[in-house]
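Take a look at the structure below.
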Amino acid sequence: MCKYTYENSGSSRYGKACIYPELYSHYSEDLDDKLLIDGEGYCIFHSTNNKWKIENDFESRFRRLISTITSINSTLDFLKRDYCFSGFHFPDYESFIIENIDLYGSVDLSYATFDSPFLFSNIEFSSLNLLGSIFNETLSFKDVNFKNSLYSDNAVFQNGLTFFRCNIQRNLLFNNCNFNNLKSIYSCEIGIKECKNIHYLSFSSSTILSRVFVRDSSVELELNFDNCTIENEFLFEQNEINGTLSFIETEFTLKENPNPFNSSTHFENNSLSNLGRIIFKGRIPQDDMIKNEMTLHFKNKPEGLILFENFNLNKIRPSFKSKIPEFEKEGIVKIGDGCRKYNCETEVYTIEANKATQTLILDIVKVFCNYFELQESTNLGVEIIERNRNLIRYFYFTDEDITKNEFLKKINETEYNLWETFSSLSTYSSNTVAEIEKKNLLVDIGGLFLKLGNYYQNGITYKEDVQKVLNSISAKERIHIDSTKGLTINIHQGESIIETKELYDIILNGIKTPTLIPKIKLVMKIGEQHIHGDVKQLINADNFFEGNKQISSKDKSSLEKELNEILNELSKEEKESKLERFTKKWAGTISEVATPMLKGLLMP
């Protein structure tokens, strides 16, 4: 008797003893031998003593067993005996080939162990069970016709699995398997080549350390790698996709492909018919399911659907990514929720506002994007992801090669610089292209304030709406309106304030365009240090002297000298005292708006 008991819990033989002592007793003439038992009490098929098995010609005995079962089944119309090889241990021959035979019944190789490279060639399987088996060398199928299902859940493949010119008419399931690469060789792969009729082939929830290479094949219903972890290169070349190719919650973890000719995830020269679909769906929003980069190239223009969800589109090489907007319009590409389209993105800003206020928000955001590009020489875009009668949702993005921390820092600093620059618009008198462009942007902001004032005076916009508009650049509560102080802007860390009563007056009362620029002057303070400027530049500003009056060069020189003395005074008290005396002395000569400008320039 053989001590082996069957391990497949889904089988009617589960927990029962080896069937071959009984089979040998009934068909001893056909088998032409008795069943050998090793020193541990296991038959020659279930024994793990490889040396003993080879010495007793395991291979010939196994082939006679196949022939005997085939002969028995050939005489039966129904209830054919299955080829029960469950738990068999195949010793380490140079190779083990089963070819050119007809199998009348299902083949059960569940929980078997294969120490030899194993090849099935030119065979038609009714069904094949590889559940829980261990393949220590390559398992190969060549010119095999799978009429029904193959089950291989929880199997281990230590050195690859290949299909060549196979006809996969039903379901082939390799779910929850481990595909290792114990020898760490490049040729170790899951290879699917010249298989022209893949009905359903699944590797769901498997861990794959060998490379995957699918070539010259056709997917008719589904090929899926859902929930897989793929740690080597993935090559999918010259295939026809007439069904679904699925990568749902898959992880491609190869960060750098040692093969310089391919991306780590490489789709090359494939065809996608109008019935075909390719699905990339990550686990979480903006998931980096592909750690390196992905090439997507089609032989002809794709006709089916390519779906992205929870996916970082920046992992796609530019040759295809650049076509996504066009394909999206045509319905070839669908970008679902949670996708990251750009190299860097801010969080999504949500502002509850009516339609009129939303229009002003879009105006100021557009000006900010233009100013950012002018200031940083870095592109900045804004994408509106939702807009209805009650709210607007948007985010900023860039495709520049920049880290997210750097990107957010630049946005923060540029927002501050925008208001700072706006406060000194009159200094932009140069005819250089850069300053003309900057001046145009600042005039746009001036126009925005006039719009705000117009809306406010006509009851379309209220104080809280004005505050929402001014805060909409970064959707943070940085700008506050006070009826006595005007606008207070707090942008940098710590105390960082821009104050102006004039801006608030413009919104509240409206100011005509010709007087807008000289009236808008902001006193700015960053922490404990003032924004120091050039005395000469300040006194040459158009609005520094009352009514833009002309004064003698002698008086202007004297005034400049006094201001420089105040600027260089170390004592705060003395500086304040000298500044007070200065403003009294020159009252009537310098304008009202000059005093806050002087304080911003001179005070420590």
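The values are calculated or read from the model by the stated rules, or taken from the named source; none is laboratory data. These figures come from a predicted structure and were not determined experimentally. Note that each Cβ is placed from the backbone with ideal geometry, even for glycine, and that neighbours are counted across all protein chains shown. Each accessible area value is taken on the protein alone, full model and side chains, heavy atoms only, with ligands, DNA and RNA left out. Shrake-Rupley method; radii C 1.70, N 1.55, O 1.52, S 1.80 Å.
Does L235 fit the bill of being out of contact with any helix residue (DSSP H, G or I) (no Cβ under 9 Å at 6 or more places or on another chain), within 30 Å of L103 (Cβ to Cβ) and in a strand (DSSP E or B)? Considered against the rule, which asks whether it is out of contact with any helix residue (DSSP H, G or I) (no Cβ under 9 Å at 6 or more places or on another chain), within 30 Å of L103 (Cβ to Cβ) and in a strand (DSSP E or B), L235 comes out as no. Taken together, the criteria exclude V523 from residues that are surrounded by 13 or more Cβ atoms within 10 Å (Cβ to Cβ), at pLDDT 65 or above and within 54 Å of the chain's Cα centre (by Cα). Going by the structure shown, is N100 farther than 17 Å from I208 by Cα, out of contact with any strand residue (DSSP E or B) (no Cβ under 6 Å at 6 or more places or on another chain) and touching a residue at least 12 places away in the same chain (Cβ under 8 Å)? Judged against the criteria, N100 is a match. Any residue that is under 19 Å from the mean Cα position of the chain (by Cα) and open to solvent by less than 70 Å² (accessible area, probe 1.4 Å) - is there at least one of those in region 409-418? Checked against the condition, which is being under 19 Å from the mean Cα position of the chain (by Cα) and open to solvent by less than 70 Å² (accessible area, probe 1.4 Å), region 409-418 yields no hits at all.
Condition check ((1) out of contact with any strand residue (DSSP E or B) (no Cβ under 6 Å at 6 or more places or on another chain); (2) among the small types (G, A, S); (3) within 11 Å of S472 (Cα to Cα)) across all residues:
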| position | (1), (2), (3) |
| --- | --- |
| R340 | no, no, no |
| L360 | yes, no, yes |
| E373 | yes, no, no |
| I385 | no, no, no |
| R389 | yes, no, no |
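Looking at S187, S140, just one residue is assigned to a strand (DSSP E or B) and small (G, A, S), and that residue is S140. For beta carbons closer than 7 Å, sequence separation of 6+ or different chains, a first residue in region 15-37 that is hydroxyl-bearing (S, T, Y) and a second that is buried (at least 18 other Cβ atoms within 10 Å of the Cβ) and part of a strand (DSSP E or B), the qualifying pairs are Y20/C43. Evaluated against (1) modelled with pLDDT of 95 or more; (2) surrounded by fewer than 18 Cβ atoms within 10 Å (Cβ to Cβ); (3) touching a Gly at 6+ places or on another chain (Cβ under 7 Å), E7 falls short on exactly one condition, (1). Among the residues of region 241-251, is any surrounded by fewer than 20 Cβ atoms within 10 Å (Cβ to Cβ) and more than 16 Å from N224 (Cβ to Cβ)? Within region 241-251, none of the residues are surrounded by fewer than 20 Cβ atoms within 10 Å (Cβ to Cβ) and more than 16 Å from N224 (Cβ to Cβ).
Among the residues of region 135-172, those identified as closer than 17 Å to I97 by Cα and β-branched (V, I, T) are T138, V144, T162.
Of all residues in region 52-111, those being of a type in the set (V, I, T), within 19 Å of N122 (Cβ to Cβ), surrounded by fewer than 18 Cβ atoms within 10 Å (Cβ to Cβ) and at pLDDT 90 or above number 3.
Taking region 217-233 as the range and being hydrophobic (A, V, I, L, M, F, W, C) and closer than 14 Å to S273 by Cα as the test, the residues that pass are V219, L221.
Scanning region 349-384 for residues that are under 30 Å from E309 (Cβ atoms) and open to solvent by 60 Å² or more (accessible area, probe 1.4 Å) yields T350, E352, K366, I384. When you look at S206, is it more than 24 Å from L275 (Cβ to Cβ) and crowded, with 24+ Cβ neighbours inside 10 Å, yes or no? The answer is yes for S206.
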